[in-house]
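In what follows, a structure is listed as structure tokens, so that the remarks can point back to it.
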Amino acid sequence: MQQFLNRELVGTKVLYQVVLNSWLEESGPPDSAVSKAQEELLKAKSNGSGNAEEIQWLSLKLQFLMLKPGERKSLIEEANAKELIQRARQEAKLQKSDAEEAIESHQEKSQELKNEIDHEREVRKKSLLLVRQDLEQKFSDLAKVRKNLG
């Protein structure tokens, strides 16, 4: 039964909270809470008004209430621990996702800067090549003028 409850309750946050809230809201002693849960379950089963999900919920609630207080506390602590682990995993996934996005963004910016630098180098090479060709032409023209003068 303990394993069944572990599978059905632990890790199911909504169900756990409803069970816990239901238990905490009970006004009478534990026996009256068990009796009330039994009545609710029988009523849901006999009327046919309860759907399978409701009947399962009421059954789990009854099983939870029938546990010894130490077992309930242990089950609640286990559920809390599993919930904390689940939250930590979700947070880690979010952080990993954020880090991957930051890396991707950084790589994109880095690539853009590299492309800009490469483009600037090409422009400067072309400009220097044109200046060199212009100077060579001027030196050639100057050499021709010297030859004609001299």
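Nothing in this text is a laboratory measurement; each read-out follows from the coordinates by a stated rule. Since the model is a prediction, treat every value here as computed from it, not as a measurement.
Just tell me which lysines come within less than 22 Å, Cα to Cα, of residue 68; anything on the same chain fewer than 8 places away is out.
The qualifying lysines are 13, 36, 82.
Straight-line reach from residue 45: which aspartates and glutamates have a Cα under 12 Å away, not including same-chain ones fewer than 8 places off?
Within the straight-line cut-off, residue 45 pairs with 53, 54.
Between residue 137 and residue 74, what is 0.36 nm times their sequence separation minus the Cα-Cα distance? Round to one decimal in nm. Let's see the in-between values first.
Working: separation 63, 0.36 × 63 = 22.68 nm, distance 9.27 nm.
Working it through step by step, the gained length comes to 13.4 nm.
Quick check on segment 66-150: take the gyration tensor over C-alpha atoms, sort the square-rooted eigenvalues as a ≥ b ≥ c, and tell me if it's rounded (a/c under 1.5), prolate or oblate. The partial results should precede the final answer.
Numbers: a/c = 21.49, a/b = 14.49, b/c = 1.48.
Since a/c reaches 1.5 and a/b is larger than b/c, the shape of segment 66-150 is classed as prolate.
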